[in-house]
Structures are given as C-alpha cells and as structure tokens.
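First the structure, in the form of structure tokens, and then the observations on it.
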Amino acid sequence: MPGERTKYAWRREILATRAQVSPAEHAVEAAALAASNTRLTGVDDVVCAYVPVRGEPGDLRMLDALREHGATVLLPVTGEPGPLSWARYEGPDSLRKARYGLLEPTTETLGPATVAEAATILVPALAVDRRGVRLGRGAGYYDRTLGAARADVRLIAVVRDNELVDRLPEEPHDRRMGWALTPDGGLRQLGRDLPVSPE
C-alpha cells in the first residue's frame, strides 16, 4: 500500500526508541518478563530461548525462571547464515561471548533439527503485530530455523508493550507468531488479541 512504512523504517524507529530506555526501566521490565516466564511452559518441557542483548527486553532472569520451573532451556549458537544450532543453558556461568555481541552456552552444540524438540520457542523481535507478523533484525536466522519446528509449537515473540502494534509489513517467507509476551501485558494470544493467563 502506498505510504506504508518499510521494515527498514520500522527497525530504525524501534531501535532509536529502545536506545532511550533507561537501565532502571529495562530492569523493571526484565523482572516482569521473568515473572511471566514461570507460566509459559510445563515441567520437563524443552524451551528454545535466547539471551537478550543490545536493548532487547528481558535478561538472564527469564532463562533462570524457566529452568527453576523445570524446563530444559536451549539457546541458539550462530554460525554461517542458515538454520540455528542450539546448546543447553546451564546458568550464567555456562555462557561465553560470541559473534554479533551475543552470549552462547559452552555446552555441547546440538544441530538445527533440535528445534523440533521444543514445545515453546521464545523468539527475539523488534516488534510483532496483532496478526502475528514479526519484525526481526533482518539477518534471517529465525526464518530459516522455524520451518523445522513441530507443528504445535508455541511461538512467542518477546517485545516491549509499545512494540505490539496493529500492522507490520509482511513477506511470504515470514513465519507468524502465535503469542506476544510483554512486560505489562504478559502473554497475549495473537490473531484474536485476547489476553491469556496460561496455567
């Protein structure tokens, strides 16, 4: 549609807004996300997650909350462009610095097919719309990865509350998210915009 904002414009705007978030505000939001994470999954479930970096909402408390609830937490290991490999998160001491400013586990690297074991995948996003269209950073790692996830996986985009928007530009290869997790709104099912409180 003429005049519609491009993905580039959305990315530039959201990254500029995130850069203005104070450390105190980020910490409050991260604590809220960690509190929500205890309700995201069942005991013994496998969860693919990630370590928030560069202004992304959340922090390691998100991952620790999942582990304390009994979940097995897998984190991405980046290589050449393509589907992500994974490794088990065993606490902050199991992480090392990696490319792109990321933190990755020092545990055994598991192949991309491991994503099929996950009941829930927390997906980093700059924004997500109410239909489930996700805006990433543009590298395409998750677009190449999520096709191997199981059909009933719960895909959750983790964003700040003002990053859940009405409509984003969509491309044919984009995989829609089923849920958004925000600090104030908690877990919200997309496609119908109803707040959900999972057991």
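Which whole-percent values make up P(r) of the range 48-199 when all C-alpha to C-alpha distances are grouped in 5 Å steps starting at zero?
Pairs per bin, as whole percents: 2, 9, 19, 24, 22, 16, 7, 2, 0.
Using only Cα atoms, locate the centre of the range 1-70 and the centre of the range 131-170, then give the distance between them in Å, rounded to an integer.
So the two Cα centres are separated by 12 Å.
At R0 = 22 Å, how high is the FRET efficiency between T106 and D44 if r is their beta carbon distance? Nearest 0.05 is fine.
Values: r = 24 Å, r/R0 = 1.07.
For T106 and D44, the calculated efficiency is 0.40.
How much length would be gained if the chain were fully extended between A116 and S94, taking 0.36 nm per residue of separation minus their Cα-Cα distance, in nm to one decimal?
Details: separation 22, 0.36 × 22 = 7.92 nm, distance 2.31 nm.
Using 0.36 nm per residue and subtracting the Cα-Cα distance, I get 5.6 nm.
Taken together, the values in this text are just the output of simple stated rules run on the coordinates, not laboratory data. Keep in mind that what you see is a predicted model, and the values were worked out from it rather than measured. Note that we place each Cβ from the backbone using ideal geometry, even for glycine, and neighbour counts take in every protein chain shown.
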